[in-house]
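The values are calculated or read from the model by the stated rules, or taken from the named source; none is laboratory data. Everything numeric in this text was worked out from a predicted model, so none of it was measured. Because the Cβ atoms are built from the backbone with ideal geometry, glycine has one as well, and the counts that use them run over all protein chains shown.
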Amino acid sequence: MTTGPLSGIRIVELAGLGPAPFAAMMLADLGAEVVRVDRPGRRPQRPHTDVLNRNRSHIVLDLKKPEGVAALLELVDRADVLLEGYRPGVAERLGFGPDLCLERNPRLIFGRMTGWGQSGPLAHTAGHDIDYIARTGALHAVGRAGGPPQIPLNSIGDFGGGGMLLAYGVLAALLERSSSGHGQVVDAAIVDGVAALMAMQYGFIADDYWRDERGVNTLDSGAPYYDVYATGDGRWFAVGAVEPQFYAQLLEALDLTDLPDRSDRANWPTIRDAFAARFAERTRDEWTAIFEKFDACGAPVLSLLEAPHDPHNIAREVYLDIDGVVQGAPAPRFSRTPAAVVRPAGSPGRDTLAVLTAWGVDEPGKLIESGAAVDDTD
């Protein structure tokens, strides 16, 4: 990478799943030089489809061998950031914990990604996105009134509360280092990030505006003017007309009059029935064309395959096609130092010899001969 606001930043990423690779992708998209360190034996059949691993160099080190750990520490000596997503204590046990790494490289930012955090009674237990959002209240809040909690993919926990939090923490630590000259450990826990994402809802609860129930509040499908409706062709249309001026536009778009006052929640079922009946009269695309004439906060519900073909998304280049794999473009946008997707995800070991040589690691050829490193150049 030669462009992007993080150009010149060197990051070593220890291979993992989900949130840590997402953080590394975000940082790599913004121009950081990211080297992903995989363990031996991982050979995906179609590595270029693993979008989370784009814009990286891919090397393989055997961290169960002293020579492999020694090579990793040489990379750490030359890095700005190390990212790992192991359970607490694993990095220390393998011989590259934060104390050792920061002793060798005092300017290093040591980013740690876990679900439960580095401390607490659950810190050493297993978990996935669904468990973390369950314990932080987020899962309880998602779903229809009277129904079970609904799983919002793994976007809230793994990526919003996890990987994005880690990237945010690393950037903050890099900024602080520019004045102090010192690195530090970033403890990014999904439970912490999800709790932060729920800030508005907790504020609403404190203000007696939000009930601790699913599907009865303004933004959780409780309000008829913030919901999705089936259209005549079996598809869906979303409306989010929260503010009065947008609600007025919504009523005009739907050609509905004489509805009861929406400020009285007792009237919500009547309003919802009227909206549902009206949306059922036309197809989703017909409603899309109608709503283009109004500022009513309405939008068609597009599938994952449809979204890249939406006119707005095309005009803004929200999605890219890299080697036949459609994926979201780097974000956010920068006026002077634009980010770019330069390399699709690669096979583990594709760049081992090149990276070890470029980073000045001692005798990379011998490391490969010993099996402590694996080079699998495409």
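Side notes on the structure shown:
- Test result for A296, in a loop (DSSP other than H, G, I, E, B), touching a residue at least 12 places away in the same chain (Cβ under 8 Å), of a type in the set (A, V, I, L, M) and in the same structural domain as A238 (by TED's automatic domain parsing): yes
- Residue under evaluation D80, criteria (1) in contact with a strand residue (DSSP E or B) (Cβ under 8 Å, 6 or more places away or on another chain); (2) within 20 Å of G41 (Cβ to Cβ); (3) not hydroxyl-bearing (S, T, Y), criterion not met: (2)
- No other residue among D192, D233, D212 is among the charged types (D, E, K, R) and assigned by TED's automatic domain parsing to the domain that holds E103 apart from D192.
- Pair list, Cβ < 8 Å and 6+ apart or interchain, from region 24-35 residues that are of a type in the set (S, T, N, Q) to residues that are surrounded by 24 or more Cβ atoms within 10 Å (Cβ to Cβ) and modelled with pLDDT under 95: none
- A single entry from V90, V60, V142 fulfils the requirement of being among the aliphatic types (A, V, I, L, M), at pLDDT 95 or above, within 19 Å of the chain's Cα centre (by Cα) and in the same structural domain as G193 (by TED's automatic domain parsing): V142.
- Inside region 3-47, residues that are in a helix (DSSP H, G or I), at pLDDT below 95 and crowded, with 19+ Cβ neighbours inside 10 Å make up a count of 0.
- Pairs, first touching a residue at least 24 places away in the same chain (Cβ under 8 Å) in region 188-213, second aliphatic (A, V, I, L, M) and part of a loop (DSSP other than H, G, I, E, B), C-beta under 8 Å, six or more apart: V194/A138; L197/A138; M198/A138; E213/A145
- Check on V76, assigned to a strand (DSSP E or B) and either over 24 Å from the mean Cα position of the chain (by Cα) or not assigned by TED's automatic domain parsing to the domain that holds V361 (or both): no
- Qualifying residue in region 269-287 (condition: surrounded by 15 or more Cβ atoms within 10 Å (Cβ to Cβ), under 21 Å from D227 (Cβ atoms) and touching a residue at least 60 places away in the same chain (Cβ under 8 Å)): no
- When residues of region 312-353 are limited to those that are of a type in the set (V, I, T) and in a loop (DSSP other than H, G, I, E, B), the one farthest from L52 (Cα to Cα): T337
- Test: residue in region 285-292 that is out of contact with any Gly (no Cβ under 7 Å at 6 or more places or on another chain), under 21 Å from G232 (Cα atoms) and assigned to a loop (DSSP other than H, G, I, E, B): yes
- Looking across region 354-369, the residues that are touching a residue at least 12 places away in the same chain (Cβ under 8 Å) and in a loop (DSSP other than H, G, I, E, B) come down to W359, G360, V361, D362.
- Counted residues, region 222-277 - those being modelled with pLDDT under 95 and among the β-branched types (V, I, T): 1
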